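Following: one structure in structure tokens, then a few remarks.
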Amino acid sequence: MTDLIVTNGAVLTMDPARPEAEALAIAEGRITAVGRRAEIERLAGPQTEMIDAGGGTVLPGFVESHLHLVLGGAELAHLQLTGVHGVEALTRAVQGFAAAHPERPLLMAQGGDYGLLDRPMTRQDLDAILPDRPFAITAPDHHTVWANTAALRAAGLLEGASMPHGHEVVMGADGRATGELREFEAFAPVIALGGEARLNLGIATGEEPSPWPDAAERAIDRAKIARGLAHCAAHGITSMVNMDGNRYTLELLRELQQAGGLTARIRVPFHFKPHMALADLARAEAMTRDFDDDWLACNFVKMFMDGVLDSGTAYRLDDYPDTPGWRSEPLFEPARFAEIATAADRMGLQIAVHAIGCGAVRTTLDGYAAARAANGPRDSRHRIEHIELIDRADIPRLAALGVVASLQPPHPPGAMDFPLQPTLDRIGRSRWPDAYLCRTLAEAGAPVVFASDWPVTDVSVLRGLQAALTRQPYAGGADERLTLAESLRAYTAGGAWANHRERLTGTLREGLAADLAILDGRLEACAPDSLGSLGVARTLCGGRTTHRSP
């Protein structure tokens, strides 16, 4: 019996054998037929629901290949500073938010870019706006937080604190914290003031909450994740790779699944941190064994090799142009990373490494090469996340090693919400041709997948597509845009393949999961600079409607 038929739309299947169709049929959460409208509509029975696509576009549900679902869901309730610039605008936004939320122990703002005040931001700047309540701003990249004095004092950081390698409470000449907190463990004590310490563990330390949260605490955390899931479903997302995690994250998602509230297929990694021992990979094996179905899975390890360019924590092979002698450092010593990668690869685990600077990219590639040399080649699909700067000699190595380039079209300065400065100055004009490569990597044979890194940027895939297709080259650089078809594949079939899910989702063909995004217009008829204005009329995951526009 046919449960659903989707008709009256342009069906872009991402299946090379049948790239376009007019309609499709669904039964028991799977696609049972794809073809011409008249043929498919004859499959309708008395109980079949007919979904009219309204002449819009029907696509495979989008695969979000790199996001932070738990953080994003929590941050939907924070003050959003995208587009806010200057002291006056910041003051209005913060004071209005503070007045609307007198009960909050911490006022948290998101998306304050590094040039927000046109100078380095300090606790004194924030004190002038809000002196009497803990208040902090997270940079868009989520690698820096600026906190006022009240927040620093409440978090025990005002006089400084010892931090793991790569994490820093920046100190001033007066012997006190300046307010700038670099990397996750430095600002985790501030985040904890707002009651989100449990949810932050997956990215901050990779450890589990102790004591284990009770039912009431888990309900609070599940509600934040559910908000994030609903937000993603509204953008047509049906699969996602969560890039921070621990067992607690998976347990919360399982509880949502058991209650019928899981609206996307999610992989959650074991987050391996520098302080961990090789034996801790056994935790990844246990998570992989305990979570392994079509909706929830682990089977991969996430690591950070460096930080970000704007704060000078991305590891480079050359000096930062404004700081001679400074290149930053890798978070994992190269030989140790090679040892970890070899062990994880031997266990059959996929590896995903955040590597933004060209030094971090090379160190990661060297580790993957060591793993292949030790274990032999296999269909590992190991990944590098971001690759914002790469040495030309390393470009062909991705294809040679079978490494996935996981890229974010909204990230290049000027492409979407991020301003050109100060990032381009931090990179240095001579390196602009090596920054934010996409077509160059694809033409060199690297598998390329797209994502948002939400909440670092807007999770909207359609805005991401617009950024991918309208981005302008930097001086001396090539046009790094892919075509619309290539970009769509990077958000659908390519993402599913990189996620080892190509036999489940990513294309619209018989036998695969009924994961669909129905747009309210014809994608191929839309001008590239208007793609972000298209809406998602309906999202289905496993044949179930997870979002429907009003």
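Looking only at residues that are polar (S, T, N, Q) and in a strand (DSSP E or B) in the stretch 1-59, which one is farthest from residue 518 (Cα to Cα)?
Here is the first cut: in the stretch 1-59, the ones polar (S, T, N, Q) are 2, 7-8, 13, 32, 47-48, 57.
Checking which are in a strand (DSSP E or B) leaves us with 7, 32, 57.
On the way: 7: 11, 32: 18, 57: 6 Å.
Only one residue fits best here, namely 32.
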So how many residues does the stretch 451-493 have that are out of contact with any strand residue (DSSP E or B) (no Cβ under 8 Å at 6 or more places or on another chain) and within 25 Å of residue 431 (Cβ to Cβ)? 14
Which condition from (1) touching a Lys or Arg at 6+ places or on another chain (Cβ under 7 Å); (2) more than 22 Å from residue 126 (Cα to Cα); (3) crowded, with 24+ Cβ neighbours inside 10 Å is the one that residue 148 breaks? (2)
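For the stretch 413-430, what are the residues that are of a type in the set (A, V, I, L, M) and in contact (Cβ under 8 Å) with a residue 12 or more places away in the chain? Explain how you work it out, then say what you get.
Initially, the stretch 413-430 is screened for residues of a type in the set (A, V, I, L, M), giving 415-416, 420, 424, 427.
Answer for the stretch 413-430, where residues must be of a type in the set (A, V, I, L, M) and in contact (Cβ under 8 Å) with a residue 12 or more places away in the chain: 415, 416, 424, 427.
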Among the residues that make up the stretch 387-396, is at least one of them at negative phi, assigned to a helix (DSSP H, G or I) and hydrophobic (A, V, I, L, M, F, W, C)? yes
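Could you check the stretch 410-490 for helices (runs of 4 or more DSSP H) lying wholly inside it with 3 or more residues that are closer than 24 Å to residue 243 by Cα and within 20 Å of the chain's Cα centre (by Cα)?
Details: elements: 423-427, 439-443, 461-470.
So the answer is 461-470.
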Take the residues in the stretch 329-362 that are within 20 Å of the chain's Cα centre (by Cα) and β-branched (Val, Ile, Thr), then tell me which one is farthest from residue 241 (Cα to Cα). 361
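List the strands (runs of 3 or more DSSP E) inside the stretch 144-202, counting only whole elements, that have at least 2 residues being out of contact with any helix residue (DSSP H, G or I) (no Cβ under 7 Å at 6 or more places or on another chain).
Values: elements: 144-147, 168-171, 177-182.
Fully inside the stretch 144-202 and qualifying: 168-171, 177-182.
Taking the residues in the stretch 28-65 that are free of Cβ contacts under 8 Å to residues at least 60 places away in the same chain and out of contact with any strand residue (DSSP E or B) (no Cβ under 8 Å at 6 or more places or on another chain) as candidates, determine which candidate is farthest from residue 506 (Cα to Cα). Explain how you work it out, then say what you get.
Quick first cut of the stretch 28-65, residues free of Cβ contacts under 8 Å to residues at least 60 places away in the same chain only: 35-50, 52.
Then drop every residue that is not out of contact with any strand residue (DSSP E or B) (no Cβ under 8 Å at 6 or more places or on another chain), which leaves 38, 42, 45-47.
Numbers: 38: 25, 42: 26, 45: 27, 46: 30, 47: 27 Å.
Filtering first and then ranking leaves 46.
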Checking 117, 71, 90 in turn, the sole residue that is within 30 Å of residue 408 (Cα to Cα), in contact (Cβ under 8 Å) with a residue 60 or more places away in the chain and of a type outside the set (Val, Ile, Thr) turns out to be 71
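Which one of these is of a type in the set (D, E, K, R), touching a Lys or Arg at 6+ places or on another chain (Cβ under 9 Å) and without any contact (Cβ under 8 Å) to a residue 40 or more places away in the chain: 292, 306, 310, 319? Step through it out loud before you land on a result.
Numbers: 292 fails: touching a Lys or Arg at 6+ places or on another chain (Cβ under 9 Å); 306 fails: without any contact (Cβ under 8 Å) to a residue 40 or more places away in the chain; 310 fails: without any contact (Cβ under 8 Å) to a residue 40 or more places away in the chain.
Result: 319 is the single residue among 292, 306, 310, 319 that is of a type in the set (D, E, K, R), touching a Lys or Arg at 6+ places or on another chain (Cβ under 9 Å) and without any contact (Cβ under 8 Å) to a residue 40 or more places away in the chain.
No lab work stands behind these numbers, since they all come straight from the coordinates. Keep in mind that what you see is a predicted model, and the values were worked out from it rather than measured. We place every Cβ from the backbone using ideal geometry, glycine too, and count neighbours over all the protein chains shown.
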